[in-house]
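Okay, so here's the structure we're looking at.
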Amino acid sequence: MDKHAALFAFATLLPAGLIGIGALQGSYWIVAAVLVLTVVTSLLDRLLPEDRTHDDGATGTALSVVLALTHLALVPVVVWALAGDMISRLEKVGLFFAAGLYFGQVSNANAHELIHRPQRALHRLGMWVYTSLLFGHHTSAHVLVHHRHVATRKDPNTSRKGEGFYRYVIRAWVGSFKGGYRAEKDRLARIGRPAWRNPYWIYLGGGAAFIALAYGLGGIKGMVLYVALASHAQMQLLLSDYVQHYGLMRKSRADGKPEPVAAHHSWNSPHWYSSAMMLNATRHSDHHARPARAYPALELPDDAPMLPRPLPLMASIALVPPLWRRIMDPLADRWRNA
């Protein structure tokens with residue numbers, strides 16, 4: 001295993017291990033999980049040099065499969081711990097916070113990687129990770145809507161300049177759910193398949209099954225906590241989309257169609273540790289240019305917009321809209337006028 005593969009594995013699996021042990025043992029394990037996902041990540045982003053290298057030959061498939069299976073094992077363990085009486089109330093608050101961050105930042109990044117893989121088994125594994133977060137529709141909406149219409153008003157997940165996160169989140173959630181459904185319906189009609197083959201039945205049925213599992217683990221309390229935990233993770237995912245596309249729109253050509261997607265239509269981050277923890281999701285411009293490209297091979301184009309701080313920190317700033325606009329609006333204007 002080379003140093004890049006080792007870093008990807010360390011950055012993604014360490015917090016998973018701390019969360020799993022913390023759910024069973026409580027105490028300092030939960031404190032460690034919270035610190036690793038916040039303070040330690042921020043410090044390492046500051047201390048480690050920026051990294052723009054990539055590995056054309058690596059696929060990262062083994063780690064992606066391990067992470068997906070780890071996620072699917074962690075979800076019921078965390079719900080059981082939150083609904084039970086094995087750990088204290090304060091420990092539950094810490095566990096809820098850490099697990100939501102991990103599911104929304106690491107599990108989301110990995111599921112995103114898997115749904116872009118051409119192999120059906122890998123694609124469906126990513127779908128089940130999203131479904132376990134009650135966000136299965138993202139499997140369809142991201143691939144069929146977001147990648148097609150990114151940086152235009154037809155994409156519900158492209159955040160507009162001046163739009164605060166709290167306004168964006170409702171528009172993006174509802175818009176992507178509806179847009180993904182319509183895209184799947186149109187796709188089935190084109191290939192002559194019946195409406196019951198729409199994967200939305202799996203997303204909804206699978207989500208109901210996970211809710212039933214949570215009820216079995218902890219009754220009504222377990223079910224409510226599970227839905228809250230999934231919502232927490234969804235907010236992390238939507239924050240990522242909000243930050244990575246804020247204010248960057250494609251210009252219209254003479255025929256009324258948008259210009260081709262280019263590097264300057266996504267925000268990126270060169271910070272090494274948080275990029276490793278999020279499986280290079282921070283190299284967003286190259287991902288939109290080559291969606292099927294495996295995460296270790298993603299590059300940072302020289303002409304791509306760079307966030308002024310690491311992606312997780314910018315997501316936290318986005319929760320304070322006036323501060324966010326003060327920092328990002330001038331940067332967005334600069335790239336829109338470039």
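The values are calculated or read from the model by the stated rules, or taken from the named source; none is laboratory data. None of the values given here were measured: they were computed from a predicted structure. Note: ideal-geometry Cβ built from the backbone for every residue, glycine included; neighbour counts use all protein chains shown. Only protein heavy atoms, including side chains, enter the accessible area calculation; ligands, DNA and RNA are left aside. Shrake-Rupley method; radii C 1.70, N 1.55, O 1.52, S 1.80 Å.
Remark: Ala81 matches the filter, which requires a residue to be open to solvent by less than 30 Å² (accessible area, probe 1.4 Å), of a type in the set (A, V, I, L, M, F, W, C) and either in contact with an Asp or Glu (Cβ under 8 Å, 6 or more places away or on another chain) or free of Cβ contacts under 8 Å to residues at least 60 places away in the same chain (or both). Here is the figure for the range 97-122: residues that are touching a residue at least 12 places away in the same chain (Cβ under 8 Å), more than 17 Å from Gln244 (Cα to Cα) and not small (Gly, Ala, Ser) total 10.
Screening Met86 on (1) open to solvent by less than 70 Å² (accessible area, probe 1.4 Å); (2) part of a loop (DSSP other than H, G, I, E, B); (3) over 28 Å from Pro270 (Cα atoms) shows it passes everything except condition (1).
Considering every residue within the range 227-241, establish whether at least one is of a type in the set (A, V, I, L, M, F, W, C), buried (at least 22 other Cβ atoms within 10 Å of the Cβ) and under 16 Å from Met306 (Cα atoms). Steps first, answer last, please.
Residues of the range 227-241 that are of a type in the set (A, V, I, L, M, F, W, C), as a first pass: 227-230, 233, 235, 237-239.
Those left that are additionally buried (at least 22 other Cβ atoms within 10 Å of the Cβ): 229-230, 233, 237-239.
This time we only want the ones that are under 16 Å from Met306 (Cα atoms), so: none.
Checked against the condition, which is being of a type in the set (A, V, I, L, M, F, W, C), buried (at least 22 other Cβ atoms within 10 Å of the Cβ) and under 16 Å from Met306 (Cα atoms), the range 227-241 yields no hits at all.
Residues that are assigned to a loop (DSSP other than H, G, I, E, B) and within 19 Å of Asp155 (Cβ to Cβ) were ranked within the range 279-293; the one that is least open to solvent (accessible area, probe 1.4 Å) is Ala281. If you filter the range 5-52 down to residues that are touching a helix residue (DSSP H, G or I) at 6+ places or on another chain (Cβ under 8 Å) and assigned to a loop (DSSP other than H, G, I, E, B), you find that the one that is surrounded by the fewest Cβ atoms within 10 Å (Cβ to Cβ) is Pro49.
Contact map, the range 188-212: residues that are within 21 Å of Gly126 (Cβ to Cβ) paired with residues that are open to solvent by 50 Å² or more (accessible area, probe 1.4 Å) and modelled with pLDDT under 95, Cβ distance under 8 Å, separation 6+ or inter-chain. Pairs shown: Leu188/Pro194; Leu188/Ala195; Leu188/Arg197. Only one of Val169, Val174 is surrounded by fewer than 18 Cβ atoms within 10 Å (Cβ to Cβ), touching a residue at least 24 places away in the same chain (Cβ under 8 Å) and not small (Gly, Ala, Ser); which? That would be Val169, the only listed residue that is surrounded by fewer than 18 Cβ atoms within 10 Å (Cβ to Cβ), touching a residue at least 24 places away in the same chain (Cβ under 8 Å) and not small (Gly, Ala, Ser). Would you confirm, using the coordinates I've provided, whether Ala58 is touching a helix residue (DSSP H, G or I) at 6+ places or on another chain (Cβ under 6 Å), aliphatic (A, V, I, L, M), farther than 21 Å from Gln234 by Cβ and in contact (Cβ under 8 Å) with a residue 60 or more places away in the chain? Yes; evaluated as a whole, the condition is true for this residue.
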